[in-house]
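In what follows, a structure is listed as structure tokens, so that the remarks can point back to it.
The values are calculated or read from the model by the stated rules, or taken from the named source; none is laboratory data. Small disclaimer: the values here were computed from a predicted structure and weren't measured. So basically every Cβ, Gly included, is an ideal-geometry build from the backbone, and we count neighbours across all protein chains shown. We work out accessible area using only protein heavy atoms, side chains counted, and drop any ligands, DNA or RNA first. Shrake-Rupley method; radii C 1.70, N 1.55, O 1.52, S 1.80 Å.
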Amino acid sequence: MHALFDDAGKFLAGRILSEADTSAQIELDSGKRVKVKSAHLLLKFDKPAPAELLAGAREVAASVELALAWEFAPEDEFGFAELAREYFSAAAPPVEQAGMLLALFDAPHYFRRAGKGRFRKASAEVVQQALAAIEKKKQLQAQIDAWAAELAEGRCPPPIAEQLYKILFKPDKNAPEYKAVVEASRSTHLAPLALLARAGAIASSYQFHWQRFLFEHFPRGVGFPTMAAPEPPADLPLAPVQAFSIDDSATTEIDDALSLTGLGSGSVRLGIHIAAPGLGLMPGSELDRLARNRLSTVYMPGHKITMLPAEVVQRYTLDEGRANPAVSLYVTIDEHSLAITGHETRLECVPVAVNLRHDQLDHIVTEEWLSNPEVQVENTPQPLSDLREQLSFLYSLARQLKAGREQVRGKPENFTRPDYTFRLEGGRGDQPDGSETVLIGTRKRGAPLDLIVAEAAIVANSTWGQWLAELGVPGIYRSQASMAPGVKVRMGTKALPHAGIGVKSYSWATSPLRRYVDLVNQWQVIACARHGRTAALAAPFKPKDAELFAIISNFDATYGAYNAYQSGMERLWTLKYLQQNAITELEATVIRDAASGGLLLRADSLPLVLPALGPATLTRGARVLVRLGEIDEISLDVSGSVLQRLDDPLDASDDGPLDDEEDEGSAAAGPLAIAVDVQDEGDQADAAEDAAPQAQPGTTPDAGPAAA
């Protein structure tokens, strides 16, 4: 005698070896023996054989007209054998009975399961709704199949092109567009990105990275609603100085300017003037909400997305030829020792005489030009000549300030690599489209004008940070406990030392037009300037304010994402530069040896880090000639092969430059993570099984060593 039984929703059949009141021992065709509860035995038969019964039952089930079976079915609960006798004949054989069981089990829209082998017919209304849903699902699947076929043929259906970035990075995995990409990827054995690129969904590498960034961070676009720029207080006093700023030619958000008075008197007054949107833009206003949503200006070669609307930037930027609202830190300096003897903060309007552009002046303003009045450079602009004495003093001061910080740091700052500049030519609109020609230039770090601006900013940020702490007014600080490997810079609300810079505390307050934390700190500094010792009561943010911690958390994540995007776009344009100039070989320096995780190189003349294949004997600092491999502008990937070593392994003096900011992996491309999963459930189950611990011969996974 044989039996058909239910094993957790799966129907099996086998030979009955023995049977008791509550269970039976059944042998399957595979030879496996199973114990089955009597309640799970659905049908007993002596012929045909179990395998023949199941095969025949599947054929019978496929031939059952479900609508007709539904008509035949009684209104009350019934068993599959009863309906088989009604539908086929009163003497329906076991194959037809089993076939009816399979048909009923697979038609829940017609028949509700009421127990093992028991069913109840669904109402006419439920059947109608279910059939409509099934038809809709069929049509949807037909659409998915059609779209998948188009993708496989190299054409991208418009609905998929419109949702490209959602499909790739934040997909609804039940959406037909997503399913079509997965189906086409499986059928063509192409990775989703390669499939979509072949189908023309990715118009250009530039647009891919740009649109992906907008999708993730600016889904509603980068424009601002129309609003007037808020005006600063009308009673701001006019500062008795003539300030000047130092920026590059592309800068429109001029946050800082300098002034110098008292030269030759023995006591010099340095004015560090910071643009003051915080005097007009109030916390909690609509404009504040916009700035807090963006948190920073986003920079990239040839374009930027500003934190504040253009009208606000234009009202508060420190433009030349006008008096601009500013928060000014005046630092008193002994002219002979260059020691700082005092400081004062004022809210005022500062006349700006000139906006100097360092990219146009670096070749003039050299250390020799500043230290020797006899040195003359042809075509020196008159405004620069007028500031020569002031710049010379400021350069001497900056060098002393830097030396003092280096004593606190315990070692000198060592920035041997240049800064790189990107200029795009041949653009056809307000923003790049990827077709431009890119020019990459270099600028020596620590150039005199750079050093003057950097040291002035450090003085302002550290002085204001310490002042806030003394008055009990919370601020947002950057701190670093030590310069030991792995100790990172952190943001917080406590005035803690910054070991990397070499100061007691360091706030960010000198870029309020382009960084939200600087704007927050400016509001706090303004409260201190207005209220002095009672500033903690009047400041917008109070001690342990939860809002401050929320701002820090959001800013950290957002600013990191913006910087990562800027680095990615600079890498994209560097790869384009290689291709536009047919560069196939580069001189590079090893920044990570093979034993430390794979050979990693940094190009000597371009902002490019790349992995490479080469001898295991190459050590960090070795200079090599590398041949470039294939460039992938979507993944921003390029690798290389070392052709030869260029330096003497025994002579460290000719090693490539390595500086304090060296980061072994930050500029190298990693795998581009997308959210499209082309594995089906079976593949995933196999992968999970592969990943699970495997039993060794002579053991079982649960019981340990097997008995002999």
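Could you please tell me which pairs satisfy a Cβ distance under 8 Å, a separation of 6+ or placement on different chains, a first residue in the stretch 159-180 that is over 22 Å from Ile634 (Cα atoms), and a second residue that is among the hydrophobic types (A, V, I, L, M, F, W, C) and surrounded by fewer than 16 Cβ atoms within 10 Å (Cβ to Cβ)?
Taking only residues 6 or more apart or on different chains, the pairs are Pro176/Leu140.
Which of (1) more than 25 Å from the chain's Cα centre (by Cα); (2) surrounded by 19 or more Cβ atoms within 10 Å (Cβ to Cβ) is the odd one out, the single condition Arg155 does not satisfy?
Failing condition for Arg155: (2).
Within the group Val95, Val64, Val60, Val36, which residue is closer than 30 Å to Ser123 by Cα, open to solvent by less than 20 Å² (accessible area, probe 1.4 Å) and either among the β-branched types (Val, Ile, Thr) or at pLDDT 95 or above (or both)?
Matching residue, one of Val95, Val64, Val60, Val36: Val64.
Scan the stretch 515-561 residue by residue and report those that are surrounded by fewer than 20 Cβ atoms within 10 Å (Cβ to Cβ) and aromatic (Phe, Trp, Tyr).
Across the stretch 515-561, the qualifying residues are Phe549, Tyr559.
So, Arg322, is that one buried (at least 20 other Cβ atoms within 10 Å of the Cβ) and basic (Lys, Arg) or not?
Considered against the rule, which asks whether it is buried (at least 20 other Cβ atoms within 10 Å of the Cβ) and basic (Lys, Arg), Arg322 comes out as no.
Out of Thr463, Thr493, report the one residue that is closer than 23 Å to Ala257 by Cα and open to solvent by 20 Å² or more (accessible area, probe 1.4 Å).
Thr463
Filter the stretch 466-482 down to the residues that are in contact (Cβ under 8 Å) with a residue 12 or more places away in the chain, assigned to a helix (DSSP H, G or I) and surrounded by fewer than 24 Cβ atoms within 10 Å (Cβ to Cβ) and list them by number.
If the condition is that a residue be in contact (Cβ under 8 Å) with a residue 12 or more places away in the chain, assigned to a helix (DSSP H, G or I) and surrounded by fewer than 24 Cβ atoms within 10 Å (Cβ to Cβ), then Gln466, Trp467, Ala469 are the ones that fit.
Please list, ordered by first then second residue, the pairs with beta carbon atoms under 7 Å, 6 or more apart or interchain, first in the stretch 397-411 and farther than 23 Å from Ser259 by Cβ, second open to solvent by 50 Å² or more (accessible area, probe 1.4 Å).
Glu406/Pro412; Arg409/Met483
What number of residues within the stretch 475-494 satisfy the criterion of being in contact with a Leu (Cβ under 7 Å, 6 or more places away or on another chain) and of a type outside the set (Ser, Thr, Tyr)?
Total satisfying the criteria: 2.
Restricting attention to the stretch 496-510, and to residues there that are over 22 Å from Leu295 (Cβ atoms) and among the hydrophobic types (A, V, I, L, M, F, W, C), which single residue is surrounded by the most Cβ atoms within 10 Å (Cβ to Cβ)?
Filtering first and then ranking leaves Val503.
Only residues in the stretch 419-442 that are free of Cβ contacts under 8 Å to residues at least 40 places away in the same chain and more than 11 Å from Tyr577 (Cα to Cα) count as the first member; pair them with residues that are acidic (Asp, Glu) and not in a loop (DSSP other than H, G, I, E, B), Cβ under 9 angstrom, at least 6 apart or cross-chain, and list the lot.
Close Cβ pairs satisfying both conditions: Asp419/Asp450; Gly441/Asp359.
Do the conditions hold for Tyr299, that is, is it touching a residue at least 40 places away in the same chain (Cβ under 8 Å), open to solvent by 20 Å² or more (accessible area, probe 1.4 Å) and part of a strand (DSSP E or B)?
Judged against the criteria, Tyr299 is a match.
Please go through the stretch 575-603 and pick out each residue that is buried (at least 17 other Cβ atoms within 10 Å of the Cβ) and either touching a Ser or Thr at 6+ places or on another chain (Cβ under 7 Å) or closer than 11 Å to Val638 by Cα (or both).
Leu575, Leu578, Val590, Asp593, Leu601, Arg602
On the basis of being among the aromatic types (Phe, Trp, Tyr), under 21 Å from Arg212 (Cα atoms), under 27 Å from the mean Cα position of the chain (by Cα) and open to solvent by less than 30 Å² (accessible area, probe 1.4 Å), does Tyr178 make the cut?
For Tyr178, the condition - among the aromatic types (Phe, Trp, Tyr), under 21 Å from Arg212 (Cα atoms), under 27 Å from the mean Cα position of the chain (by Cα) and open to solvent by less than 30 Å² (accessible area, probe 1.4 Å) - is met.
Residue-wise test of (1) farther than 23 Å from Thr463 by Cβ; (2) charged (D, E, K, R).
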| residue | (1), (2) |
| --- | --- |
| Glu374 | yes, yes |
| Pro381 | yes, no |
| Leu384 | yes, no |
| Leu391 | no, no |
| Lys411 | yes, yes |
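Which condition from (1) open to solvent by less than 10 Å² (accessible area, probe 1.4 Å); (2) part of a loop (DSSP other than H, G, I, E, B) is the one that Tyr206 breaks?
Evaluating Tyr206 over (1) open to solvent by less than 10 Å² (accessible area, probe 1.4 Å); (2) part of a loop (DSSP other than H, G, I, E, B) leaves (2) as the failure.
A quick yes/no check of all residues on (1) within 54 Å of the chain's Cα centre (by Cα); (2) open to solvent by less than 30 Å² (accessible area, probe 1.4 Å):
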position	(1), (2)
Glu77	no, no
Phe80	no, yes
Glu86	no, no
Ser89	no, no
Pro108	yes, no
Lys116	yes, no
Ala124	yes, no
Leu131	yes, no
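Given the structure, is Asp255 open to solvent by less than 20 Å² (accessible area, probe 1.4 Å) and closer than 30 Å to Leu572 by Cβ?
yes
Within the stretch 272-288, is there a residue that is open to solvent by 40 Å² or more (accessible area, probe 1.4 Å), out of contact with any Ser or Thr (no Cβ under 6 Å at 6 or more places or on another chain), of a type in the set (S, T, N, Q) and assigned to a loop (DSSP other than H, G, I, E, B)?
There is no residue in the stretch 272-288 that is open to solvent by 40 Å² or more (accessible area, probe 1.4 Å), out of contact with any Ser or Thr (no Cβ under 6 Å at 6 or more places or on another chain), of a type in the set (S, T, N, Q) and assigned to a loop (DSSP other than H, G, I, E, B).
I'd like to know if the stretch 224-243 contains one or more residues that are under 15 Å from Leu329 (Cα atoms), surrounded by 20 or more Cβ atoms within 10 Å (Cβ to Cβ) and under 29 Å from the mean Cα position of the chain (by Cα).
no
Of the residues that make up the stretch 74-87, is at least one under 19 Å from Ile134 (Cα atoms) and in contact with a strand residue (DSSP E or B) (Cβ under 6 Å, 6 or more places away or on another chain)?
No, the stretch 74-87 contains no residue that is under 19 Å from Ile134 (Cα atoms) and in contact with a strand residue (DSSP E or B) (Cβ under 6 Å, 6 or more places away or on another chain).
Filter the stretch 483-507 down to residues that are free of Cβ contacts under 8 Å to residues at least 12 places away in the same chain and in contact with a strand residue (DSSP E or B) (Cβ under 8 Å, 6 or more places away or on another chain) and give me whichever is nearest to Val459 (Cα to Cα).
Val489
Only residues that are open to solvent by 60 Å² or more (accessible area, probe 1.4 Å), of a type in the set (Lys, Arg), over 22 Å from Lys576 (Cβ atoms) and not in a loop (DSSP other than H, G, I, E, B): list them for the stretch 604-652, please.
Answer for the stretch 604-652, where residues must be open to solvent by 60 Å² or more (accessible area, probe 1.4 Å), of a type in the set (Lys, Arg), over 22 Å from Lys576 (Cβ atoms) and not in a loop (DSSP other than H, G, I, E, B): just Arg645.
Report yes if Gly9 is exposed (fewer than 11 other Cβ atoms within 10 Å of the Cβ) and either touching a Leu at 6+ places or on another chain (Cβ under 9 Å) or modelled with pLDDT under 90 (or both), otherwise no.
It is true that Gly9 is exposed (fewer than 11 other Cβ atoms within 10 Å of the Cβ) and either touching a Leu at 6+ places or on another chain (Cβ under 9 Å) or modelled with pLDDT under 90 (or both).
Just need a number here: residues in the stretch 318-373 that are more than 41 Å from the chain's Cα centre (by Cα) and among the hydroxyl-bearing types (Ser, Thr, Tyr).
Looking only at that region, the number is 4.
Note down all Cβ pairs under 8 Å where the first residue falls in the stretch 566-586 and is outside any helix (DSSP H, G or I) and modelled with pLDDT under 95, the second is among the polar types (S, T, N, Q) and open to solvent by 50 Å² or more (accessible area, probe 1.4 Å), and they're at least six residues apart or on different chains.
Leu586/Ser605
Mind counting the residues in the stretch 393-441 that are in a loop (DSSP other than H, G, I, E, B) and either touching a Pro at 6+ places or on another chain (Cβ under 8 Å) or not hydroxyl-bearing (Ser, Thr, Tyr) (or both)?
19
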